[in-house]
Every structure is written in structure tokens, then in C-alpha cells.
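Structure first, commentary second.
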Amino acid sequence: MSPSANKPPRKSPGPAGRRSGPPRREGTSDNVRPAPDQPRRPADPRRAAHQLLMSVMEDGRTLADLTGRTGPLARMEPAVRARAQRLATETLRHIGALDGMLSDHLAHMPPLPVLNVLRIAAYELCAGEAAHGVVNSAVTQVAGMARLERLKGMTNAVLRKVAAAAVEPGQLPPSPLPEWLRDPLVMAWGEATITACEAAHARGAPLDITPRDPSEASTLAEKLGASILPTGTLRLTGPNQVSALPGFEAGEWWVQDAAAALPVALLDPQAGEKILDLCAAPGGKTMQLAAAGADVTAVDISSARTERITENLARTGLQARTVTDDALTFDETGWDAILLDAPCSATGTIRRHPDLPYASDGADIGALIDLQAQMIDHALSLLKPDGRLMFCTCSLIPDEGEVQAEEALARHSGLTAETATLTRPGLDPAWITEEGGLRLRPDYWPDLGGMDGFYCVVLRKPA
């Protein structure tokens, strides 16, 4: 495969703007949300998982938001919260396959609140939970839904049939992406590629770790029982409690997908360089830059996210200045290099965030593309002559990657794509794109556990 084989269409078709998931009909989430004087933190993880699914599909909220420090489940018992999050995440990961199982026993799909009860229960049955408890819990939940209690008998009958035919989650076929996202991605990359990405999404994501000191990677890998990927990232498989792993409290490493660690490697920061990290939260790239000895300033628009960067720096013992500001109004100049991990559709991270295609319908992607272009232009204005800008997005949509780079090169006379670092170990030359960037996809490294989808390019300002 030649380097130009990754070249997408000049303009990939935009999302169709369709709302994903079943249409809103009678008995929506209003029927299952507690009244204001009732507690909003259900103790039952199944009900909590249902609340999460309804908030994703009806309100467009992400699981990261819903399960965060200020989310609706924040004050639940940790074990209950963890199980609810797992149930919601895995139900969304396998939603297409689960709907296929359910449709075999349904004349038509029920209203969304009941359908989500069925989906969660079907996943539990595939995961080996006792059928009696799963079915009874689902029937009880539907029986308590105003105007939908009549469907409890259907719920009982359908789930008993599903229980008899349930297979392990690993045997479920990959779920196709919602049409609003799948159609443009297929046009950009081809049916075979997107089918392979969907298979990667179904497998989920292992735990990737970036060592604070790359020279200690072998020692740390042995201590953690991790493998070392071709690009130097450490990878653990199986369930892991991050904070309990060796070296976490000592700040010897941080969690960061292998693909997300590559932009800093390609920027090739040098000790003493003055480097700006724009849109820096949660701080993985800030810590990489600081660990390389750069003089780093990390900027993020959210004070809460900036605080998280500060906490991560403190844990790892690394130094960087943190600033809460808008990347488009931050006006300090004279930077040797800037890293811009721009806001994007995050469509490259679906294997770890399967809620994303259901929390959005793609209607905001056009605005994100415009924002990215503005941020590139502003960042270039802050660089020293001959300075370097790393532009990257965790997106599979070419308009948020390859096309942005092409258009920036066309807009700015003398701007060039720096390709020298694209030959570093672990990078397949086939990943290099025609305009001089690097395209990463979830279907890469299938035998190693995959990676997130990412695009990155180093743009050098004229001297």
C-alpha cells in the first residue's frame, strides 16, 4: 500500500444530520425519570444503566459527562456506579447485535424506555447473568412505567426467548455505526475498512499506558505485566483498576491510548523549548512534553479540566504552567512549537466510548470543522518564525484531518508539512498521507488490540 493510498476525497460528504436511535414516541424518558421530590440516584445498577442510556439517547449527553464527578450517578456507591456504567457501555457497544436478537421475537420495536430495558437485559443474558433475576428485574421495571406497564407481559415473553438463545458477548456480531456516521465514513474509506473498524469497536479497548521515563519502559512493563507496543506504549489487557496498579500513586505513568501518544512523538519536543499545549485537558500530551524537558504552558477553556491537568502533573511530579483560557483568544506569542489537539467529533474513540454515535446526530460537525480552521490560523500566528505546529484530532472524518491540513497549507504561503519524524519506529509507511500527515485507524494493529482513530500533522511556519 503506497503512502498516498490513505488519501481521502477532497471533501468527504457531511453527516446526514439524522437523529440516531429510535424516534421519540409515547412513553419517552419522562415516564421513567423520578419526580423532583424523589431521589435521582437509583441504587439498582440496572435502573441506573437505564437512566444512562436514556440520557445519552434522549438528551445527547455522553457517558463521560454522566458518570463524572458532577454527574447524576456521582453519589452512588462505587460498586453500583461501576456496574451501571459497564452495563450501559457494553449495551451501547453491542446495540446493533442486541436489537437483532430482540427483533427476532418482536412484531415491532417498543417505545424507547422499554426497548432500553430489553437491550440491557439482553446484554446481561449474553454475559451469563441468571435469567430468572434478569427477566424479573426487567418486568418489574417496565411494570412501573406510566402508560407502558401494559408491555410487561411482552417483556417477560421476549426475554425468556432471548435467554434460550443467548450467546457470549464475544460471539455477538459487530454492531454497525448509525447511518448518519457510517454513510460518510464508507464513502471516505470504503466498506471493508469501516466494517473492520466496527469489528475493532466491538472488541473494545485495552488499557494503554505512557511511561514518565521511556527508558524505564521494560522495567515498568514487567512490573505491570504489560506488553510493549511497537511505538513504545505499554498495553495491559483484561479488567484493571487503574489507581491500584503499581506505579500509579508514584506517578510513574499515565493512561493514554497508543494513538494519542503519537502527536507528541512526531512533534519531537526538545529540552528547553517553549511549547504551548492548546486544548490540553486531560493533560496526557502536556505530561509527555514536560517529561521531554520542554518549558510547557497548557491552556484549556474549562477551569475544571485545567484543575485535572494540575492534579495529573502533581501526581507525576512534572512541571508545566496551566492557564484557563479560550484557545482562540490566548495571545502570548513567541512559541518554538504548539500542539493543538483540536475539538472534534471524537469519532476515532468509539471503541472506548461507544455512546458517542448515539449522543450526537452529527449536526455540529460542520461548526467543529470551521472552529478547527480558525484555531489552526490563530496558533500559527503565535508561533516564532520556523516554529512547528502539531495539529491533531481524534476523528475518522477526513474533513477534520487530511482536508484541514491541505487547506491550511493552501491558505498560508510558505507553510510546509514536516515529515522527518514520520519514519520513527513502529509507524507503518502506509499510514502516511499524501499531504504529509499520519492517519491512524481502529482497524490497525488488529492482532495487538487496535488503536484509536487519529490524524496528526506537523506544520512548519516559514522562517
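The values are calculated or read from the model by the stated rules, or taken from the named source; none is laboratory data. These numbers come from a predicted model, not from an experiment. Reconstructed Cβ throughout: ideal geometry from the backbone, glycine too, with neighbour counts over all protein chains shown.
For (1) modelled with pLDDT under 95; (2) out of contact with any Phe, Trp or Tyr (no Cβ under 9 Å at 6 or more places or on another chain), each residue gets a yes or a no:
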| site | (1), (2) |
| --- | --- |
| Thr219 | no, yes |
| Ser227 | no, yes |
| Gly232 | no, yes |
| Thr237 | yes, yes |
| Gly247 | no, no |
| Gly251 | no, yes |
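So that you can scan it fast, the table gives a plain yes or no per residue for (1) among the hydroxyl-bearing types (Ser, Thr, Tyr); (2) closer than 18 Å to Val457 by Cα; (3) touching a residue at least 12 places away in the same chain (Cβ under 8 Å):
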residue: Ala280; (1), (2), (3): no, yes, yes
residue: Gly293; (1), (2), (3): no, no, yes
residue: Ala298; (1), (2), (3): no, no, yes
residue: Thr322; (1), (2), (3): yes, no, yes
residue: Leu328; (1), (2), (3): no, no, yes
residue: Ala373; (1), (2), (3): no, yes, yes
(request) Answer yes or no: is there a residue in the stretch 36-51 that is closer than 30 Å to Ala367 by Cβ and either among the hydrophobic types (A, V, I, L, M, F, W, C) or modelled with pLDDT under 75 (or both). (result) no
(message) Tell me whether the stretch 41-55 contains one or more residues that are within 21 Å of the chain's Cα centre (by Cα) and either surrounded by fewer than 16 Cβ atoms within 10 Å (Cβ to Cβ) or not in a helix (DSSP H, G or I) (or both).
(response) no
(request) Within the stretch 101-108, identify whether any single residue is under 22 Å from the mean Cα position of the chain (by Cα) and either at pLDDT 95 or above or of a type in the set (Phe, Trp, Tyr) (or both), and answer yes or no. (result) no
(message) If I filter the stretch 319-370 down to residues being polar (S, T, N, Q) and surrounded by fewer than 21 Cβ atoms within 10 Å (Cβ to Cβ), which single residue comes out as farthest from Asp295 (Cα to Cα)?
(response) Thr329
(message) With the structure loaded, tell me whether Thr155 is of a type in the set (S, T, N, Q) and buried (at least 22 other Cβ atoms within 10 Å of the Cβ) or whether it fails that test.
(response) yes
(request) Among the residues of the stretch 371-400, count how many are among the acidic types (Asp, Glu), in a helix (DSSP H, G or I) and surrounded by fewer than 19 Cβ atoms within 10 Å (Cβ to Cβ). (result) 1
(message) Consider the stretch 130-147. How many of its residues are surrounded by 15 or more Cβ atoms within 10 Å (Cβ to Cβ) and either modelled with pLDDT under 95 or touching a helix residue (DSSP H, G or I) at 6+ places or on another chain (Cβ under 6 Å) (or both)?
(response) 10
(request) Would you mind finding the one in Thr233, Thr237, Thr193 that is within 24 Å of Arg83 (Cβ to Cβ), touching a residue at least 24 places away in the same chain (Cβ under 8 Å) and either of a type in the set (Ser, Thr, Tyr) or touching a Cys at 6+ places or on another chain (Cβ under 8 Å) (or both)? (result) Thr237
(request) Look at His132 and say whether it is part of a loop (DSSP other than H, G, I, E, B), free of Cβ contacts under 8 Å to residues at least 40 places away in the same chain and either in contact with a Lys or Arg (Cβ under 7 Å, 6 or more places away or on another chain) or not polar (S, T, N, Q) (or both). (result) no
(request) Output yes when any residue across the stretch 269-277 is closer than 19 Å to Ala327 by Cβ, assigned by TED's automatic domain parsing to the domain that holds Gly449, modelled with pLDDT under 95 and in contact with a helix residue (DSSP H, G or I) (Cβ under 7 Å, 6 or more places away or on another chain), and no when none is. (result) no
(message) Looking only at residues that are part of a loop (DSSP other than H, G, I, E, B) and touching a Ser or Thr at 6+ places or on another chain (Cβ under 9 Å) in the stretch 271-314, which one is farthest from Phe391 (Cα to Cα)?
(response) Ser302
(request) For the stretch 151-165, enumerate the residues that are closer than 11 Å to Val114 by Cα and either of a type outside the set (S, T, N, Q) or without any contact (Cβ under 8 Å) to a residue 24 or more places away in the chain (or both). (result) Leu151, Lys152, Met154
(request) Scan Ala188, Ala258 and give me the residue that is of a type in the set (A, V, I, L, M), touching a strand residue (DSSP E or B) at 6+ places or on another chain (Cβ under 9 Å) and touching a residue at least 60 places away in the same chain (Cβ under 8 Å). (result) Ala258
(request) Just one of (1) touching a strand residue (DSSP E or B) at 6+ places or on another chain (Cβ under 9 Å); (2) of a type outside the set (Lys, Arg); (3) under 29 Å from Arg439 (Cα atoms) trips up Ser303, so point out which. (result) (3)
(request) Filter the stretch 52-67 for residues that are farther than 14 Å from Ala346 by Cβ and of a type in the set (Ser, Thr, Tyr) and give the result. (result) Ser55, Thr67
